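The values are calculated or read from the model by the stated rules, or taken from the named source; none is laboratory data. For clarity, every value in this text was computed on a predicted model and none was experimentally measured. Methodologically, a virtual Cβ is constructed for each residue, glycine included, from the backbone with ideal geometry; neighbour enumeration extends over all protein chains shown. Heads up: the accessible areas ignore ligands, DNA and RNA and are worked out on the full protein's heavy atoms, side chains in. Shrake-Rupley method; radii C 1.70, N 1.55, O 1.52, S 1.80 Å.
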Amino acid sequence: MSVKEIFDTMDYGPAPESAKEALAWLEARGGIAGPFVNGAWGELRADMESRNPATGERLAGLTKCTADEVAAAVKAARKAQPAWEKLGGHGRAKVLYAIARGMQKQSRLLAVMESLDNGKPIRESRDIDVPLAIRHFYHHAGAAQLFESEMPGRAPHGVCGQIIPWNFPLLMLAWKIAPALAAGNTVVLKPAEYTSLSAMVFAEICQEAGVPPGVINLVTGDGETGAALVAAKVDKIAFTGSTEVGRKIREATAGRGIPLTLELGGKSPYIVFDDADIDSAIEGLVDAIWFNQGQVCCAGSRLLVHEAIADDFHERLKRRMDGLRIGDPLDKCIDVGAVVDPVQLSAIKEMVEGNTAGETYHAACPLPSTGAFYPPTLITGLAPSDRLMQEEIFGPVLVSTTFRTPAEAVELADNTRYGLAATLWTENVNLALDLAPKLAAGVIWVNATNLFDAAAPFGGIRESGFGREGGPEGMRAYTKPAKLAAAPKAPVAYEGDGAPAGGIDRTAKLYIGGKQARPDGGYSKAVHGPKGALLGHASLANRKDVRNAVEAMNAAKGWGKTTGHLRAQILYYLAENLSARAEEFAARIDALQGGHKGAAEVEASIRRLFTYGAWADRYDGRAAGVPIRGVALAMKAPTGNIAALAPAATPLLGALSLIAPAMAMGSRVTLVASEAFPLAATDFYQVLETSDVPAGVVNILTGSHAELAPALASHMDVDALWSFSEPGLAAGIERASAGNLKRTWIGARDFSGPDGEGEDFLEAATEVKTIWIPYGEG
Ligand code: NDP
C-alpha cells in the first residue's frame with residue numbers, strides 16, 4: 001500500500017510481527033512440546049500436534065503424558081518439596097523474582113508464541129497476557145518474602161496438581177504457579193492440549209532462573225492426562241476450565257481430603273444505565289466480549305441495557321462492530337484474532353446458528369478466507385430463559401436484552417447459575433455502589449471491564465466455582481494451618497433403658513424459622529446418659545425438614561444486609577442469656593457425657609460467642625494495591641446459606657463454634673446437632689428465642705448425620721457445607737456437592753482450644769467480592 005493510498009483511504013496498513021524467532025525456537029528444540037520434569041525435558045513424543053488456528057499450519061508435536069509419566073512428575077515434585085519449603089520466604093522470593101526477570105527478557109518470544117498457538121491478537125498477548133503474567137511473579141516474589149511475617153502459623157500443602165485451559169495459557173500458568181511456589185509448595189501443571197507452547201518457553205526460563213529441579217513440573221497432554229493428574233497422589237488440586245470438567249474433578253476428589261479450588265465458567269452481565277457515558281460503555285463492551293475472541297471466563301457476554309437507550313445503543317454498537325478488524329493475530333492492527341481451534345469454532349457455530357429466536361447481527365468486517373475465524377456477533381431480542389442467554393458460548397458472541405429499573409437489572413443479572421463477574425456502567429456512583437453488593441458475582445467492574453491484577457482476588461460463586469486467585473486470599477488457598485491439635489475422639493451415644501431422669505420424659509423438637517417444629521417424619525430417638533438414664537428424646541429430622549430449614553434460611557436473607565454492629569449485639573446477647581443459665585447447661589452436658597466438664601464447656605461457649613461478637617464488625621475487607629488510578633475493594637460478603645454438621649464431642653461448644661462465625665458474617669445457618677448428644681443444642685432454642693435472633697438465621701436439626709448430610713449436600717440452595725462430624729461422611733458430601741458446586745469444608749478440630757475459632761471460620765463464612773472502581777473524568 002502506497003503512502004498516497006493510505007492518505008486517501010485512511011485505512012490501516014499491515015503491521016506484522018514476525019513469527020520467525022518463535023518458529024526457530026521450536027525447531028531448535030526438535031519441534032515437540034513435552035513433559036518437563038525434575039528440571040529437564042522428559043521423553044518427547046509427537047503423540048498429538050499443536051496447530052496455529054489462524055492458518056491451520058502445524059506448529060509442533062505434542063507428547064501425551066501417560067499416567068506413569070504424571071506419577072513420575074508428582075514424585076519429582078514430592079522429593080523437591082521439603083527443601084523448597086525450607087529455603088524460606090526470602091530464598092523463594094529470589095527465585096520468583098528471577099523468573100519474573102527471565103520472563104521480561106523473553107517477553108517478545110512469549111507473546112509471539114502465545115499468539116501463534118492460541119490465535120489471540122499480538123496486541124493482547126504483548127500488552128496484557130505477558131505483562132500480567134510477569135506482574136504475577138513479581139507480586140508473589142513479595143508474597144514469598146513476607147510469608148513468615150504475614151502468614152504466621154500457615155504451611156504449604158505440599159505438591160499441588162494444577163490444570164489450566166487454553167484461553168490464557170501463560171497467564172493462567174502464572175496465576176497457578178506463582179502463589180503455590182511463594183507458599184513453599186511444588187507443582188505439577190498440565191497446560192491445555194491446544195496451547196502448551198508458551199509453557200515450554202516458561203520451562204526454559206525456569207532452568208535459567210535457577211528454579212531447583214522438581215519444584216516446577218509440566219505434563220503435556222489432553223483431558224486424560226488431566227484426569228491422571230487429578231487421580232495422582234497430590235495434596236491439592238487447582239483447576240481452571242469448564243464447569244462440566246470442574247464438576248468431574250469435584251467428584252473424582254471426593255473423600256480424598258485434599259483441598260480444591262475451581263475457577264469455572266460464567267455468563268457475566270454487562271449492565272448499561274441510561275445515564276452512562278455511552279461511548280465509553282461501547283468501548284468497554286468491545287473489551288468485554290471481543291477481547292480474546294470472547295473466550296474469557298468472565299467475558300461480559302450478556303448485555304443488559306436500559307430500555308430507554310437500547311435502540312440507540314444497539315445501533316452505535318453495530319457501527320463499532322463493523323469497524324473491528326479481524327484477521328492475522330500477528331498483525332499489530334488486528335482487534336479480533338482466531339478462535340483457538342476448529343473444534344471450538346464449530347461449537348460456536350452450532351450454538352449461534354442453531355438458535356432461531358432473536359435477531360442476529362454479524363459485524364460487517366471482512367473475514368480471512370482460511371483459519372478458525374468467527375465474526376463479532378450481537379443477538380438481540382432473546383428471552384432471559386433462552387439457551388443463549390443462559391449458556392456460555394465462549395466465542396465472540398454477545399447476547400442482549402433490556403431492563404427498566406435498577407431492581408429489574410439486578411434480577412436479570414442474577415438470573416444465571418453462574419456468578420463470576422459483572423460490569424456496571426452509570427455516571428451515578430450512588431447507584432453503582434448500591435447495586436455492586438447486590439449482584440451475585442465474585443468480581444464487579446464499575447465503568448470499566450476485564451481488569452485483573454495479582455494483588456486483587458479473582459474468582460466466582462455458584463457454578464463459577466470456589467476459591468480466589470490473587471492477593472492474600474489467593475495465597476491462603478495454597479496454605480493450611482501449620483499445626484492443629486488433635487480433635488477429641490468422637491464419643492458414641494450411650495444406650496440404656498433407665499427411667500426418665502427427673503421423672504418427666506421430654507422430646508426436643510427441631511428449631512426451624514424461629515419456631516420449635518415437630519419433625520416431618522414423626523420419629524424421635526431416646527437419649528441416654530452414661531449410666532443408662534433416659535435424658536429425653538430428640539427428634540429425627542428428614543429430607544423434608546431439611547427443605548423447610550433451607551426455606552427458612554432463604555427467607556432470612558435480610559440478615560446479610562444488617563450491620564456488623566447489630567450482629568455483634570445479638571451475639572453478645574446470646575452470650576449473656578447463656579451465661580444466665582450456665583448452671584443448667586453445665587448440668588445437662590454432664591448428664592449427657594458424664595464427668596464434670598460441663599461448666600468449663602459452657603464458659604468456653606460464652607467466650608466463643610464473645611469472640612464472634614468481636615469479629616462481627618472487625619473482619620474487614622481492604623483496598624487492594626492494584627496498579628490503576630482507582631481502587632479494587634476486596635469486600636467480605638456473607639457466604640449465604642451454610643449447613644453445618646456439628647462434632648459429636650463438646651456438643652454445645654462445637655455447635656456454637658459453627659453457628660457463631662456464620663451469624664457474625666451475615667450468613668444463615670442450619671446446624672445438625674451432635675448426633676451422640678443432641679440435647680445440649682436443643683436446650684439452646686430458648687436462648688435463641690430470647691436473644692433477638694431473627695427467624696431463619698439459625699435453624700437446628702437433630703437426627704442421623706448419615707441421612708441428613710446427603711440431603712444438605714445436594715440441596716441447590718445450600719451455598720456451603722461444613723462437616724465436623726464423622727470423617728466417613730466426607731466422600732458422600734463432596735460428591736453430592738458437585739450439583740451446585742457448593743463450597744465444602746470437612747474439618748476435625750479441638751473446639752476447646754484456639755484451633756476452634758479464628759480466620760479459617762471467618763473465611764468460610766464469607767465470600768470475597770472484588771469491586772473495581774477506576775477514578776477520573778473523561
Ligand atoms: P476443559 O474444562 O475441558 O479444559 C480445561 C483443562 O482441563 C484442560 O487442560 C483440559 O485438557 C483439562 N481436562 C479436560 N478434561 C479433564 C478431566 N476429565 N480431568 C482433568 N482435566 C481435564 O475446557 P475446554 O478447554 O475443553 O473448553 C470447553 C469449554 O469450557 C469452553 O467452550 C468454555 O465454555 C469452557 N472454558 C472455560 C474456561 C474458563 O476460564 N472458565 C476456560 C476454558 C474453557 P485439554 O484441554 O488438554 O483437553
Is there any pair linking a residue in region 357-375 that is of a type in the set (G, A, S) to one that is part of a loop (DSSP other than H, G, I, E, B) and open to solvent by 70 Å² or more (accessible area, probe 1.4 Å), with Cβ under 9 Å and at least six apart or on different chains, and which? G371/D328
Looking only at region 256-278, and only at residues there that are open to solvent by less than 20 Å² (accessible area, probe 1.4 Å) and among the charged types (D, E, K, R), the one that is farthest from the chain's Cα centre (by Cα): K267
What is the number of the single condition among (1) of a type in the set (G, A, S); (2) surrounded by 15 or more Cβ atoms within 10 Å (Cβ to Cβ); (3) more than 34 Å from the chain's Cα centre (by Cα); (4) closer than 18 Å to A649 by Cβ that A604 does not meet? (3)
Going through region 390-409 one residue at a time, which ones are of a type in the set (A, V, I, L, M), farther than 18 Å from E359 by Cα and within 15 Å of the ligand (Cβ to nearest atom)? none
Of the residues A80, A60, only one is assigned to a helix (DSSP H, G or I) and either in contact (Cβ under 8 Å) with a residue 12 or more places away in the chain or surrounded by 16 or more Cβ atoms within 10 Å (Cβ to Cβ) (or both); which? A80
Among the residues of region 629-649, how many are assigned to a loop (DSSP other than H, G, I, E, B), touching a strand residue (DSSP E or B) at 6+ places or on another chain (Cβ under 8 Å) and under 13 Å from L729 (Cβ atoms)? 1
Return the residues of region 229-244 that are touching a residue at least 40 places away in the same chain (Cβ under 8 Å) and within 14 Å of the ligand (Cβ to nearest atom); say none if nothing qualifies. L229, V230, A231, A232, V234, I237, A238, F239, T240, G241, S242, T243
I'd like to know if region 346-361 contains one or more residues that are modelled with pLDDT under 95, in a loop (DSSP other than H, G, I, E, B) and open to solvent by 50 Å² or more (accessible area, probe 1.4 Å). yes
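Residues are listed down the side, and each one gets a yes or a no for (1) open to solvent by 30 Å² or more (accessible area, probe 1.4 Å); (2) more than 28 Å from A456 (Cα to Cα); (3) modelled with pLDDT of 95 or more; (4) in contact with an Asp or Glu (Cβ under 7 Å, 6 or more places away or on another chain):
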| site | (1), (2), (3), (4) |
| --- | --- |
| L712 | no, yes, yes, no |
| V718 | no, no, yes, no |
| S723 | no, yes, yes, no |
| P727 | yes, yes, yes, no |
| I733 | no, yes, yes, no |
| N740 | no, no, no, yes |
| T744 | yes, no, yes, yes |
| F751 | no, yes, yes, no |
| T766 | no, no, yes, no |
Could you list all residues from region 375-389 that are of a type outside the set (A, V, I, L, M, F, W, C) and away from the ligand (no atom under 16 Å from the Cβ)? P375, P376, T380, G381, P384, S385, D386
If I ask for residues that are of a type in the set (G, A, S) and within 16 Å of the ligand (Cβ to nearest atom), which ones from region 206-228 would you list? G221, G223, G226, A227, A228
Of these, R123, R108, R101, which one is at pLDDT 95 or above, within 25 Å of T370 (Cβ to Cβ) and open to solvent by 30 Å² or more (accessible area, probe 1.4 Å)? R123
From the set of residues in region 579-620 that are in contact with a Leu (Cβ under 8 Å, 6 or more places away or on another chain) and of a type in the set (D, E, K, R), which is farthest from P754 (Cα to Cα)? R588
Starting from region 541-566, keep only residues that are open to solvent by 50 Å² or more (accessible area, probe 1.4 Å), then list their pairs with residues that are at pLDDT 95 or above whose Cβ atoms are within a distance under 6 Å, requiring at least 6 positions of separation or different chains. R543/A711; K544/D520; N548/I512; A555/G696; H565/D617
Name the strands (runs of 3 or more DSSP E) wholly within region 101-211 that hold at least 1 residues that are without any contact (Cβ under 8 Å) to a residue 60 or more places away in the chain? 186-190
Please go through region 20-37 and pick out each residue that is surrounded by fewer than 20 Cβ atoms within 10 Å (Cβ to Cβ) and assigned to a loop (DSSP other than H, G, I, E, B). R29, G30, G31
L412 fails exactly one of (1) in a loop (DSSP other than H, G, I, E, B); (2) in contact (Cβ under 8 Å) with a residue 24 or more places away in the chain; (3) more than 16 Å from the ligand (Cβ to nearest atom), namely (1)
May I ask you to list the residues in region 1-32 that are more than 17 Å from A111 (Cα to Cα) and either aliphatic (A, V, I, L, M) or touching a Cys at 6+ places or on another chain (Cβ under 9 Å) (or both)? M1, V3, I6, M10, Y12, G13, P14, A28, I32
Determine if region 321-335 includes at least one residue that is within 16 Å of the ligand (Cβ to nearest atom), buried (at least 21 other Cβ atoms within 10 Å of the Cβ) and part of a loop (DSSP other than H, G, I, E, B). no
For region 146-164: of the residues being out of contact with any Asp or Glu (no Cβ under 9 Å at 6 or more places or on another chain) and crowded, with 21+ Cβ neighbours inside 10 Å, which is nearest to V187 (Cα to Cα)? Q162
